[in-house]
Structures are given as structure tokens and as C-alpha cells.
Amino acid sequence: MNDIDFESRFESGNLRMAIKLTDNEYDLILRNDINANKYAQWFYFKIQIKFKEPKRIKFNIINCEKADSPYSKGSRILQYSTTTNKWSRKSILNKYYKNSYSTFDDKNLYTLSFSVNLGEENLNETVYFAYCYPYTYSYLQEYINKLVTQKNANKIMNHEVIATTLAGNNLDMILVTDFLGEFDDIAGRPCIILTSRVHPGESNSSFVIHGLIEFITGDSDSAKLLRKKYIFKIIPMLNPDGVINGCFRTNLRGKDLNRQWKEPSLQVSPTILSIKETVKKTLLSRNIYLYCDFHGHSNKKNFFLYGCNNNNNKKGKTTLQEIILAKLLGRKLDFFDYASSIFKIAPGKLKTGRAVIKKEYDIDFSYCLESSMEGISIGKNKNTFFTPALYKEIGYAFCNALYDMVNQEIFMSILYDLQLEEALKLVNNVSIINNIDLDDDEGNTKTEVDKIENYFISAYGNSGNGHNSGNTGSNKPQKHVQSQNQINHIHLVNQKDKLKLKPINKLKNNDKLNDKFESLITEKIDKSGAVNEKSEKVTKDKLSVSNKVLLGVSNNLSNNLVSPSLKNINQKGMLEPARHSSNNNLVNFKNRLPKVRIYLNLNIYLLL
């Protein structure tokens with residue numbers, strides 16, 4: 001007689017078969033994603049026990065496909081008891097290992113083995129087990145209905161069904177903004193598009209975007225400002241069919257929808273097709289400031305951000321503005337993992353949402369936010385598991401970070417810090433301070449990094465303004481712009497990069513700082529006796545062999561760049577080798593300070 005009944009025929013459930021080995025041990029087999037013949041990883045099932053006394057039962061899920069798993073690193077299985085009415089992690093003796101089975105295409109399978117003590121509180125209880133906290137399609141529908149029926153909901157939100165899935169389920173979009181504003185103001189607001197749950201098994205992402213929706217529709221001053229500033233289009237569940245049927249990664253066609261963005265079709269991926277149509281229609285009337293797709297990660301801990309600034313960049317380089325959101329998230333929650341964040345697109349990710357949205361529609365900020373299905377390894381919550389409440393906190397933090405991005409002072413301050421970090425990375429690996437001695441007044445010796453940081457700060461102070469948070473008042477997409485009269489520049493020039501200028505933003509013109517900088521330069525010249533005779537001629541060959549990082553400084557460079565006297569700046573904005581005047585002296589140096597470059601390790605030369 002069976003004293004345990006197994007069941008998974010409910011929404012999001014997945015368990016294909018249970019095989020009794022002994023009275024205290026069962027082998028379990030998961031169902032593959034529908035029409036995929038693979039992706040067996042998500043599980044969600046329940047058992048009804050009929051014990052005479054408490055027992056310890058061992059379960060072995062024998063057809064897991066991922067080679068690595070949080071359960072191999074100490075994570076415990078989620079279980080929900082109808083006696084306590086709460087989720088907990090009480091499993092013991094957890095193991096995850098390669099077994100002797102394989103798939104039809106000869107890929108190794110793995111076993112997740114765990115034991116649980118049952119019947120301690122109720123000999124006839126029902127217990128659910130899940131890969132991650134379940135968040136079903138039905139629960140989402142209940143939540144949307146609650147949102148749109150609350151008092152004054154029509155003043156800040158609207159609900160639309162923008163498509164139907166292959167199985168006929170709704171693809172919901174929640175539009176959030178302040179509808180009480182002036183017509184012209186609303187028409188000029190930029191848009192933020194947010195999506196989630198393209199992979200059904202990443203149920204934690206639904207809790208994150210749930211928290212985001214809670215915040216953005218709430219009564220806080222931050223939420224009200226964001227609603228006045230932006231129009232939010234939120235699609236909380238991109239793959240309802242997969243969620244309903246307990247799939248791990250695919251839709252009913254057996255397709256990973258996050259690889260269908262490049263060429264979606266009505267027959268295979270109608271939800272992705274609909275999102276792209278939404279993006280196109282939005283761009284006809286307003287700028288899209290930011291796109292973010294919310295995901296769950298099964299191996300890494302904490303939460304982190306993926307960007308794609310190299311996607312439209314021929315050299316594949318990351319620009320710094322995209323990193324600002326990550327820095328802001330780190331300020332909001334101490335379990336944001338900046339070290340795990342990546343701001344480039346790998347070749348295998350070119351068909352993902354963030355990559356396609358960035359490339360095809362030239363969206364300034366396009367991200368994927370990942371949150372761990374396992375736990376937290378940093379901050380005050382270190383060595384704890386995620387809970388739905390903590391996932392929702394990520395959604396709150398995302399909104400608060402967006403609020404800070406609206407603030408130009410905060411935005412530019414972080415941008416300046418990032419630029420300084422990049423400068424110090426270059427400096428840290430190359431000795432370039434031979435000609436600049438910035439020991440403090442008490443004669444304390446400083447490291448080269450300290451010296452160069454002091455040099456930046458003493459000469460230029462903090463960052464200035466110039467961030468455009470997307471509200472351009474235009475119907476055309478706009479880039480971040482900076483007013484020329486607000487910008488001075490520090491330039492890091494790397495010879496291996498063909499001396500390409502790398503601008504670093506700072507404060508507006510400041511007479512005291514400029515005077516201090518001029519005094520610093522003239523003092524060094526006075527001490528050095530003008531130009532070193534041994535370096536009287538600087539040739540292109542000599543510069544190319546140097547392999548040094550050059551630091552160039554100009555005051556009011558926005559004006560100098562268009563000056564015909566600066567012959568060393570070519571039409572492509574590249575710095576070419578400096579040339580001496582015919583008499584090799586520095587006559588009227590102070591009067592020509594705005595046209596100076598300092599070549600550290602190569603003494604000082606004028607750009608004539």
C-alpha cells in the first residue's frame with residue numbers, strides 16, 4: 001500500500017513519474033519542455049502523505065540536464081506545507097552529481113538527491129516541492145485585476161492585452177504614467193519598456209517585476225515623479241504558455257523565446273513579435289529611454305546587470321553611461337553584485353532581447369537584470385537564501401535607481417567617478433608620473449595611483465552636468481547631450497589605441513581651479529628649465545615605440561577643437577605627434593595655455 005501520493009497536474013507543475021525503490025526512497029523523473037525533448041530542470045509537484053509515524057524520505061530526481069546547480073553548492077530544496085502554510089528550506093543530505101544515464105543525443109544527465117523529514121507536524125499533510133518559488137499565470141491575472149480595479153487606477157495606469165499566445169492566453173501589458181498631466185507634456189514623455197518571464201522556469205523574475213509594479217503604481221514621491229517623467233510599458237510575463245505548462249525554458253513550440261528576437265514569427269513566437277511591434281509603434285511618437293528584461297540565474301548568487309554597449313560599437317568597447325544604472329543599484333541594495341555584471345554582448349547572445357532591442361532600435365540603455373535563484377553572498381544578508389520579499393526589493397531598488405538617473409547631478413557625478421576609475425586602470429599598469437611630482441606638503445610619498453588621482457581632482461574637482469534623461473520634447477530618439485559651454489576635458493591618450501581621445505567630464509570653468517592648474521604647469525616648467533634638450537625632437541617613430549599612456553590636458557577644449565591652429569587634431573579627432581616651433585622654446589607659454597598637451601615621460605611640448 002502506498003503511503004505517499006504524487007501529483008503535478010496543476011498549473012506550472014512538472015513531474016512525469018515517481019518510482020518507488022523502498023518504503024523510504026523514490027526516483028523521480030521530470031517531464032522535458034513540451035516539444036523540446038530537453039530542458040528537464042524545473043520541478044513543481046506535491047505529495048499527500050498517509051503516515052502512521054514520522055518518516056525521513058529520500059527523493060532522487062534522476063534526469064536533470066544542467067551540469068552545474070545551486071544544489072551542488074549547499075542550496076536546499078523549497079518545500080511548502082499545508083500545515084504551516086509557508087515555504088521553507090528543510091531538506092537535508094542534498095547532493096547533485098552526474099549519473100549513468102544520458103539523453104537521446106548522448107548528453108550526460110545528473111541526479112538531484114535530497115531527504116526530508118515528513119509527518120512531524122501532521123501525519124496526513126500535503127507538501128509541495130519546487131525548483132524556485134512558483135509564480136503562476138493565474139496569480140498574475142489576479143494581481144492585474146486587483147491593480148486596475150483599485151480606486152483612481154485610471155489616473156495612473158491602463159491594462160491592455162497586446163497579443164495572444166499559441167494556446168490563446170493573454171499577453172498583458174500594464175501602461176503606467178501620470179494621465180492627469182497636460183496633453184503636450186504626456187506626448188513628450190520618453191518611454192521605458194520592461195519585460196519579464198521569457199523563461200518559464202525563472203519564476204523569481206516575476207517577483208522582481210511584481211515589486212517594480214508595486215512601487216511604480218504606489219504613492220511615494222519617487223513613484224509620482226517617475227510617472228510624471230516617463231511612460232512605463234510593462235509586460236510582466238512574456239511566455240504564459242510555458243509558465244502554465246511547467247516548462248523550464250521554452251514555449252509550446254519548444255523554442256527558447258529569448259533566441260527568437262531577431263526574426264520572430266506569428267506561428268512560432270507571437271509574443272516576441274508583438275513586443276517588437278510595440279517598440280516600433282512607440283518610436284513613432286516618442287523616444288524609448290530604457291529597455292530591461294528581467295531574468296533569473298540558476299548558478300550565480302546575488303543580483304546583477306547585463307548590458308550591451310558594445311553591440312553597436314565597431315570596436316566592441318563599452319561606454320561608461322550604461323554602467324551608471326549598475327552603480328546606482330549597488331547604492332540601493334548591498335547584495336547587488338557589480339563584479340558579476342557584464343556590459344557587452346557575447347556572440348551567443350546576439351539574438352537575445354537586450355541585444356536586438358539595442359541594435360535594431362538604437363535604444364540608449366538596454367539591459368538584462370538577473371537575480372539568483374539561490375542565495376546572497378554579500379552584504380548584510382550574506383549567506384541567506386532569497387525570499388519573495390527580497391526579490392520584490394530588487395524591483396523597488398530598480399525604480400529608485402531610475403529616480404536617481406533623472407537627477408543630472410547624481411548621474412554626472414557617477415559618470416565622473418567611472419571615468420576616473422577607467423583612467424586609474426590605465427595608470428595603474430603604466431608608469432607615467434615621472435614628470436609630475438604631487439607629493440603632499442608634508443613630504444609624504446604617494447603611490448602613482450594616488451598621485452594621478454590627486455592630479456585629476458586638484459586640477460578639476462568633481463563632475464559637471466549635462467545628462468539628458470530622455471525627456472527631449474522631441475518625437476525622435478535622442479542621445480545623451482552635453483552643452484559645450486559646460487564641459488572641460490581631461491584626455492587619456494593611449495598610443496596602442498592610435499592616440500584616440502577619451503573625454504572625461506568635469507565641472508564648468510572654475511577660475512580658482514584653472515589658476516591652480518596653470519600654476520602647477522608653470523611651476524614644473526620653471527623647475528625643469530623649459531624643454532629637456534635631449535628630447536628636443538619628437539618624431540612619430542619615437543611616439544609609436546613609447547607604449548606609454550599619455551595624459552593630455554586642455555582648458556576650454558570645446559573651443560580649441562575647432563581652432564585651425566591645432567593641426568595635431570585630425571579630422572577624425574585623433575591626436576597625432578606634436579611638433580616643435582622652429583626656435584624650440586616656450587615663448588608666451590602662459591598666454592597659450594589652452595593649447596597645451598602634457599606628455600608625461602616625454603616632457604612638455606606645444607601643439608602648434
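We did not get these values from a lab; they are worked out from the coordinates using the rules stated. Remember, predicted model here, so these are calculated numbers, not experimental data. Neighbour counts are summed over all protein chains in view; Cβ atoms, including those assigned to glycine, are modelled from backbone coordinates with ideal geometry.
How would you order 226-233, 405-412, 352-359, 166-173 from highest to lowest mean count of nearby Cβ atoms within 10 Å?
Details: 226-233: 22.1, 405-412: 18.6, 352-359: 24.2, 166-173: 17.0.
Result, highest mean first: 352-359, 226-233, 405-412, 166-173.
Rounded, prolate or oblate, given the Cα gyration tensor of region 4-130, with a/c below 1.5 counting as rounded? Can you show the working numbers first?
On the way: a/c = 1.83, a/b = 1.63, b/c = 1.13.
Taking the square roots of the gyration eigenvalues as a ≥ b ≥ c, region 4-130 is prolate.
Are any of the pairs Lys66/Lys276; Lys146/Lys255; Lys86/Lys382; Lys66/Lys359; Lys155/Lys351; Lys229/Lys344 more than 25 Å apart by Cα-Cα distance, and if so, which? Over 25 Å Cα-Cα: Lys66/Lys276; Lys146/Lys255; Lys66/Lys359; Lys155/Lys351; Lys229/Lys344. As a length-normalised measure over Cα pairs under 8 Å and 6 or more apart, the relative contact order of region 304-413 settles at 31 percent.
Under the simplified labelling scheme, the Thr319-Asn108 pair shows an inter-label distance of 4.4 nm, with each label point 7 Å from Cα along Cα→Cβ.
Between the amide H of Gly375 and those of Asn302, Phe386, distances stay under 5 Å, these residues lying 5 or more places away or on another chain, with hydrogens modeled in the peptide plane.
What FRET efficiency do you get for Arg56 and Tyr97 if R0 is 25 Å and r is their Cβ-Cβ distance, rounded to the nearest 0.05? Using R0 = 25 Å, I get an efficiency of 0.80. Annotation: amide H of Tyr367 within the under-5 Å range of Tyr291, Cys292, Asp293, sequence separation 5 or more or interchain, hydrogens built in the peptide plane.
Could you give the semi-axes, largest first, of the ellipsoid that matches region 137-406, computed as the square roots of 5 times the alpha carbon gyration tensor eigenvalues and rounded to whole Å?
Numbers: eigenvalues 114, 103, 88 Å².
Over the Cα atoms of region 137-406, the semi-axes work out to 24, 23, 21 Å.
Remark: region 143-150, residue by residue, has Karplus-estimated 3J(HN,Hα) of 5, 4, 4, 5, 4, 6, 9, 6 Hz, where x stands for each Gly or Pro and the curve is 6.51 cos²θ - 1.76 cosθ + 1.60 at θ = phi - 60°. Using R0 = 41 Å, the C-beta based FRET efficiency linking Thr164 and Leu350 works out to 0.90.
Can you work out the FRET efficiency for the pair Ser72 and Asn407, with r the C-beta to C-beta distance and R0 = 25 Å, to the nearest 0.05? Spell out each step's value before the answer.
Details: r = 43 Å, r/R0 = 1.73.
So the FRET efficiency works out to roughly 0.05.
For region 1-21 and region 265-290, what is the separation of their C-alpha centers, rounded to whole Å? For region 1-21 versus region 265-290, the Cα centre distance is 40 Å.
When the alpha-carbon atoms of region 107-151 are used, the pair Rg, Dmax equals 18.3, 55 angstrom.
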